[in-house]
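Peer 1: Structure incoming, see below.
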Amino acid sequence: MKNIIFIFYIVSITLFFLPQKLTSQIEYRNDSIQHFNWDNSLGWQLAIRDHYFYDNGGINFTSIISIQKDFDNSLWLNNYQQIRTYNVEDKLDTEIFQLWNETQWLNNSKSEYTYDASGNNNVIIFYSHNGAVWSLVGQELKTYNDSNLVTESISQLWDLDSTLFKNTSRSVNTYSGKLFMQQDNYNWNITEWNSSPYYRAVYTYNGTLLNDIMFLNDIGSGLNNQTLVTYSYINDNFSEVVHQDWKDLGDGSFGWVNSNKQLYTYDINEQLKEIISYSWNPLLIWDSKQKSVYFISEGALSLSSVNLIIGKAYPNPFINELNITLKSSLESDGIIQIFDINGKELSKTGLKQGIKSIKMNNNYLTNGVYFVKVTSKSQSKIFKVIKK
């Protein structure tokens with residue numbers, strides 16, 4: 001008999017601390033994520049696809065459409081849609097979630113973002129949709145220190161009777177330099193915040209890399225251990241994240257017991273490629289349950305970080321013909337691409353191993369600034385050129 005496990009989850013803490021490594025002058029973006037569930041008879045079975053869209057041409061997605069297999073895996077059905085808009089500074093302005101009701105998309109929830117003079121998101125207002133209009137649900141208020149780090153976050157719910165926002169919970173963050181060390185969470189008690197936290201997260205590091213997070217909660221007798229999340233790395237990127245729960249070991253003592261873990265793999269550009277999630281079963285082994293596969297493409301060029309000391313492009317400016325001389329020959333087959341000033345790819349051509357000099361005829365290009373990127377298995381070189 002088939003044993004199919006369907007899991008729907010939201011990665012929050014893990015992705016919040018995912019190191020953002022800039023390994024080249026290209027900024028990358030998700031095209032899609034495919035989610036697989038494990039079937040003991042059939043192996044990995046594709047269950048959900050999340051498709052990303054970039055209508056503004058940048059690296060910030062403007063919508064996600066999630067589709068899922070129906071019950072007998074014969075048809076793909078709409079699941080949910082996430083729509084984002086951005087302000088003139090390319091900061092998130094609104095975010096709307098919609099659910100599919102078999103015939104059309106229906107509004108479900110909405111968030112609106114505002115920013116302080118330093119560009120920090122200091123207010124998020126939340127709405128729900130009743131089928132006709134948006135209704136206020138609550139808001140989150142954030143306070144920042146001089147290093148633009150969140151020091152306090154207050155959650156409030158909208159009270160229909162008083163037509164006022166009412167405090168519900170508060171988190172207080174502490175830092176060592178810019179390292180996040182602890183978060184304490186407090187409940188509102190009629191007229192003031194409780195003096196003792198009901199929840200705490202404690203962060204430890206190995207150098208600047210997050211080593212673990214310990215979560216503690218108050219179950220009536222003060223703060224007690226609840227969950228421990230431990231991080232392992234490869235090239236400063238997560239390789240394994242293990243979750244353990246504080247439990248009775250059966251002999252009268254308590255200890256950390258495995259709960260679930262995620263394994264991360266990356267492509268040659270150190271972009272996230274795959275996450276496999278496991279759960280700890282009663283036989284004391286890890287069972288694979290879900291896999292997420294990321295399909296990444298190159299977005300806009302990061303113009304501020306282009307390294308031009310990598311070879312020679314001449315004549316520069318050029319009219320039609322452009323010569324590229326590399327600092328060293330390609331050690332493997334590669335490609336050469338041309339991007340406009342906005343990072344849009346205009347052409348792509350294959351290159352053979354051993355090439356060091358390249359001649360290009362670019363009479364189809366209009367006058368302006370362009371970037372030429374040469375990529376092989378282990379290197380990436382970018383040249384800024386001007387056509388006149």
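Peer 1: By the gyration tensor of its Cα atoms, with a ≥ b ≥ c the square roots of the eigenvalues, what is the shape of region 27-301: rounded for a/c under 1.5, prolate for a/b over b/c, or oblate?
Peer 2: rounded
Peer 1: May I ask which residue of ILE234, ASN121, ILE355 lies farthest towards the positive end of the charge dipole of the chain, with charges of +1 (Lys, Arg) and -1 (Asp, Glu) on Cβ and the Cα centre as origin?
Peer 2: Toward the positive end, the furthest listed residue is ILE355.
Peer 1: Run the numbers for ASN323 and ASN258: contour at 0.36 nm per residue of separation, minus the present Cα-Cα distance, in nm.
Peer 2: Extra length from ASN323 to ASN258 when fully extended: 17.6 nm.
Peer 1: For region 309-387, report the convex hull volume of the alpha-carbon atoms normalised per residue, in Å³, without decimals. Write out the running numbers ahead of the final one.
Peer 2: Details: hull volume 6.5 nm³, N = 79.
Residue-normalised Cα hull volume stands at 82 Å³.
Peer 1: Which value at 222 nm does the chain reach when only helices count, each DSSP H run of 4 or more adding -39,500 (n - 2.57), with the total divided by all residues and rounded to the nearest 500 deg cm²/dmol?
Peer 2: Working: 1 runs with 4 residues, N = 388.
So the helix-based figure for the chain works out to 0 deg cm²/dmol.
Peer 1: May I ask you to compute the full-extension gain from LYS348 to GLU240, defined as 0.36 nm times their residue separation minus their alpha-carbon distance, rounded to one decimal in nm?
Peer 2: Once the chain is fully extended between LYS348 and GLU240, it gains 35.3 nm.
Peer 1: Where in region 110-198 are there trypsin sites (Lys or Arg not before Pro) that are in a DSSP coil and have at most 10 other Cβ atoms within 10 angstrom of their Cβ?
Peer 2: Of the trypsin sites (Lys or Arg not before Pro), the ones in loops of region 110-198 whose Cβ has at most 10 other Cβ atoms within 10 Å are LYS178.
Peer 1: Next question, about the same structure. Put a dot 7 Å past each Cα toward the Cβ at LEU99 and LEU284; how far apart are the dots in nm?
Peer 2: 4.3 nm
Peer 1: As I understand it, the dipole of the chain uses +1 on the Cβ of Lys and Arg and -1 on the Cβ of Asp and Glu, about the Cα centre. Which of TYR370, ILE285, TRP188 lies farthest toward its positive end?
Peer 2: Sorting the options by dipole projection puts first TYR370.
Peer 1: Pairs of Cα atoms under 8 Å, at least six residues apart: use those to get the relative contact order of region 309-387, whole percent.
Peer 2: 35 percent
Peer 1: For the residue pair LYS359 and ASN73, what label-to-label distance in nm results when each label sits 7 Å from Cα along the Cα-to-beta-carbon direction?
Peer 2: Label at LYS359, label at ASN73, 5.6 nm between them.
Peer 1: Next up: Hey, rough spin-label estimate for MET181 and TYR198, points 7 angstrom out along Cα→Cβ, what's it come to in nanometres?
Peer 2: Placing both labels 7 Å along Cα→Cβ, they lie 2.7 nm apart.
Peer 1: Hey, got a sec? Which chymotrypsin sites (Phe, Trp or Tyr not before Pro) in region 327-378 land in a DSSP loop and have at most 12 other Cβ atoms within 10 Å?
Peer 2: Working: sites: PHE339, TYR364, TYR370, PHE371; in loops: TYR364.
Here the chymotrypsin sites (Phe, Trp or Tyr not before Pro) that fit, given the DSSP loop and packing criteria, are TYR364.
Peer 1: What does the charge add up to near SER63, with Lys and Arg as +1, Asp and Glu as -1, over the other residues with Cβ less than 9 Å from its Cβ? Don't jump to the answer; show the numbers that get you there.
Peer 2: Details: positive: ARG84; negative: ASP55.
Surrounding charge for SER63 is 0.
Peer 1: Is region 153-236 best put as rounded, prolate or oblate by its Cα gyration tensor, with a ≥ b ≥ c the root eigenvalues, rounded for a/c under 1.5, and otherwise prolate when a/b is larger than b/c, oblate when not?
Peer 2: The shape class here is prolate.
Peer 1: With just the Cα atoms defining each centre, how far is region 98-129 from region 58-73? Give it in Å.
Peer 2: 18 Å
Peer 1: Is there a quick way to get the dipole size of region 20-169? I mean about its Cα centre, with the Cβ of Lys and Arg at +1 and of Asp and Glu at -1; what is the value in debye to the nearest 20? Don't skip to the answer; put the middle values down first.
Peer 2: Working: 9 positive and 19 negative charges, 34 e Å.
Computed about the Cα centre, the dipole is about 160 debye.
Peer 1: While we're here: How charged is the neighbourhood of THR325? Take every other residue with its Cβ under 14 Å from the Cβ of THR325, and add Lys/Arg as +1 and Asp/Glu as -1.
Peer 2: Charge balance near THR325 sits at +4.
Peer 1: Mind putting a number on the dipole of region 27-301 about its Cα centre? Charges go on the C-beta only, +1 for Lys and Arg and -1 for Asp and Glu, and I need it in Debye to the nearest 20.
Peer 2: Values: 16 positive and 33 negative charges, 43 e Å.
Around 200 debye, computed over region 27-301.
Peer 1: Would you kindly derive the ³J(HN,Hα) couplings of region 159-169 from the backbone phi angles with the Karplus curve 6.51 cos²θ - 1.76 cosθ + 1.60 (θ = phi - 60°), listing them in order in whole Hz, with x for Gly and Pro?
Peer 2: 9, 5, 5, 8, 6, 9, 7, 10, 4, 10, 8
Peer 1: Before anything else, pin down the relative contact order of the chain: Cα pairs under 8 Å, at least 6 apart, normalised by residue count, whole percent.
Peer 2: Computed value for the chain: 11 percent relative contact order.
Peer 1: Subtracting the Cα-Cα distance from 0.36 nm times the residue separation, let me have the gained length for TYR233 to TYR205 in nm, one decimal.
Peer 2: So the extension gain works out to 8.9 nm.
Peer 1: I need to check one value: relative contact order of region 106-229, counting alpha carbon pairs closer than 8 Å and at least 6 residues apart, in percent.
Peer 2: Working: 255 pairs, mean separation 14.1, N = 124.
Over region 106-229, the number comes to 11 percent.
Peer 1: HN-Hα J couplings of region 64-73 from phi, Karplus 6.51/-1.76/1.60, θ = phi - 60°, integer Hz, Gly and Pro as x?
Peer 2: After applying 6.51 cos²θ - 1.76 cosθ + 1.60, I find 10, 10, 9, 10, 9, 5, 6, 4, 9, 6 Hz.
Peer 1: Right, something else. Give, rounded to the nearest 20 debye, the magnitude of the charge dipole that region 309-387 has about its Cα centre when Lys and Arg contribute +1 at Cβ and Asp and Glu contribute -1 at Cβ.
Peer 2: Taking the Cα centre of region 309-387 as origin, the dipole is about 160 debye.
Peer 1: Work out which GluC sites (Glu not before Pro) in the chain are exposed loop sites (DSSP not H, G, I, E or B, at most 12 other Cβ within 10 Å) and give the longest gap free of them.
Peer 2: Value returned for the longest uninterrupted segment is 103-330.
Peer 1: Between MET181 and residues 5 or more places away or on another chain, which pairs have amide H atoms under 5 Å apart, with H built 1.01 Å from N, and which residues are they?
Peer 2: Long-range HN contacts for MET181: THR174, TYR175, SER176.
Peer 1: I would also like to ask the following. Could you derive backbone 3J(HN,Hα) for region 201-208 from the dihedral phi with the Karplus parameters 6.51, -1.76 and 1.60 (θ = phi - 60°), listing whole Hz in sequence and x where the residue is Gly or Pro?
Peer 2: Karplus-based 3J(HN,Hα) across region 201-208 equals 10, 10, 10, 10, 10, 10, x, 9 Hz.
Laboratory data are not the source of any read-out in this text; all were calculated from the coordinates shown. Quantities reported herein were computed from a predicted structural model and do not represent experimental measurements. So basically every Cβ, Gly included, is an ideal-geometry build from the backbone, and we count neighbours across all protein chains shown.
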